[in-house]
Amino acid sequence: GGEARGYLEGATGLTCPGGGSAANGTGTAEADGGAGADESPFGRFELLAEKCDEAKKAASNSISGCDDETHADRGSCAAAGHGYQSNVEYSYYDANETLNRVGDFVDGGGGGDGVACSVVCHGLTGYVRTEELFVILGEIFNASSSVTMKLGCEATELISESGGSGRIEVRSACGDDAAAGASTYDKVIVAASTASVPLLAAIDPSLDTNLLGFRGHGVAGGPGDGGAPSVSPGQSGRSVHFVRSSAAGKAAYARSESDGAVKIWGGLYPDPADEDLRPPYSSPTDLVALDLFVDSPAPGIAGDVYKSNRAANVDVETGVRPVPSIGNVPLIKRYQGEWSNLFLNTGYGFNGYDLAWFASDCAAMWLDEGELADEACRTATYVGAEKDDDFPLWAIILISVLGALSVLGCCCVVFRMVRGKKDAD
């Protein structure tokens, strides 16, 4: 809509395509990724080293369907944690056209990295700039009279108040203050990602088999950081995914930061070093970092940024993704008995920024109203006795090897549609 386009343009200094003005909401379908959006300053480019003929053919038609073809309708697709796309249009670019649009992300603009072509849905703006999102959320929380923020604190223990009141005491430690105190609440939602496992160990001892943490690593660099690549303003609203590197478990995702720095990240594997799932997480060893960012088929830009970070003694960033045993879906629980006012909201797997908004709304509704009154929430959830879905060893191995493929998004759908048509022919 016009309001969203206006905010996006104001935040980036870029202009959305289309025949109308974003400010007054008269933008056309072109601004939403339809025909004529080829020169959009936004979009996540899927960079391919092969199968360009198939990609070009698939991009000639709009695409509808689930990225898992066993789910025929939108409801069952979403409930299983998959993405459903309806009449989505993609643009295809050959090697030169791709470099003209996202060359700053490809081998520092040198044209390497084996990129033969790309496909992009210009209606999708790419990856979240978390460094800006967190600031915005902080401003919203600080402006609310009903929210108290305690940054740099760790919830260390939950205690059920005696007497059957259902109230819950949350004990916490902030920085070096190990005795920061405690606060008591009527109801509590634990949304601590993988760190929910150690926090709830005494309350939900099976959670460590229902939620597994997979590590990922990232680096960022730009002007002044030892000659690291930077992204020009005309390309700063775009982002890229190196499909070949993702398939090999390398750093495969890149976007810009507001100052023009390049942010690149990847990797997906469980690590015993963080088996308690409690942050802060350890940086990768030099051997792991070299394998992830430098060794083939890692994109050249990943190596450039990593080397500039090393020269400046900047550590590689590390995060742990919470993956539920039931799939890439939210893991929301309401506990029973003395803990009936305690809720859990975590999981999401590889779909965090897609699912968090809806899932958290449902969790808040459950807490506030005591039931899932909204039909969409009821449709997307299973309510009943907890099922024993432990993480099997074969699933851990499979995710470790192929997990990154589940975030291909556009290309997964593109190539599935092409294969489906070939089978029909």
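The values are calculated or read from the model by the stated rules, or taken from the named source; none is laboratory data. This structure is a prediction, so every number in the text was calculated from the model and none was measured. Note that we place each Cβ from the backbone using ideal geometry, even for glycine, and neighbour counts take in every protein chain shown. Only protein heavy atoms, including side chains, enter the accessible area calculation; ligands, DNA and RNA are left aside. Shrake-Rupley method; radii C 1.70, N 1.55, O 1.52, S 1.80 Å.
Before moving on, here are some points about what is shown:
- Most to least packed among 326-333, 117-124 [average Cβ atoms within 10 Å]: 117-124, 326-333
- Cβ-based net charge around Cys121, under 10 Å, with every Lys or Arg adding one and every Asp or Glu removing one: -1
- Within the shell defined by Cβ-Cβ distances under 14 Å, the residues around Ala380 carry a net charge of -3, with Lys and Arg each +1 and Asp and Glu each -1.
- Accessible area in the full protein assembly, largest first, 1.4 Å probe, for Arg238, Arg378: Arg378, Arg238
- The label-point distance for Ser206 and Asp286, in a model that sets each label 7 Å from Cα toward Cβ, rounds to 4.6 nm.
- Note on Asp368/Ser64: beta-carbon distance plugged into 1/(1 + (r/R0)^6) with R0 of 30 Å gives a FRET efficiency of 0.25.
- Inter-label distance, Val383 to Cys153: 3.1 nm, where each label sits 7 Å from its Cα along the C-beta direction.
- Across Lys57/Lys307; Lys51/Lys263; Lys263/Lys333; Lys56/Lys307; Lys150/Lys250; Lys51/Lys333, pairs whose alpha-carbon gap is larger than 32 Å: Lys57/Lys307; Lys263/Lys333; Lys56/Lys307; Lys150/Lys250; Lys51/Lys333
- Available extension along the chain between Arg171 and Asp276 is 35.9 nm, counting 0.36 nm per residue and deducting the alpha carbon span.
- With the highest mean first, a sort of the peptides 295-303, 341-349, 277-285 on other beta-carbon atoms found within 10 angstrom per residue produces 341-349, 295-303, 277-285.
- Averaged over residues, the count of other Cβ atoms within 10 Å places the peptides 206-219, 243-256, 309-322 in the sequence 243-256, 206-219, 309-322, highest first.
- Net charge over other residues, Cβ less than 14 angstrom from the Cβ of Ala359 (K, R count +1; D, E count -1): 0
- Förster radius 25 Å - calculated FRET efficiency between Ala11 and Ala356 (Cβ-Cβ, nearest 0.05): 0.80
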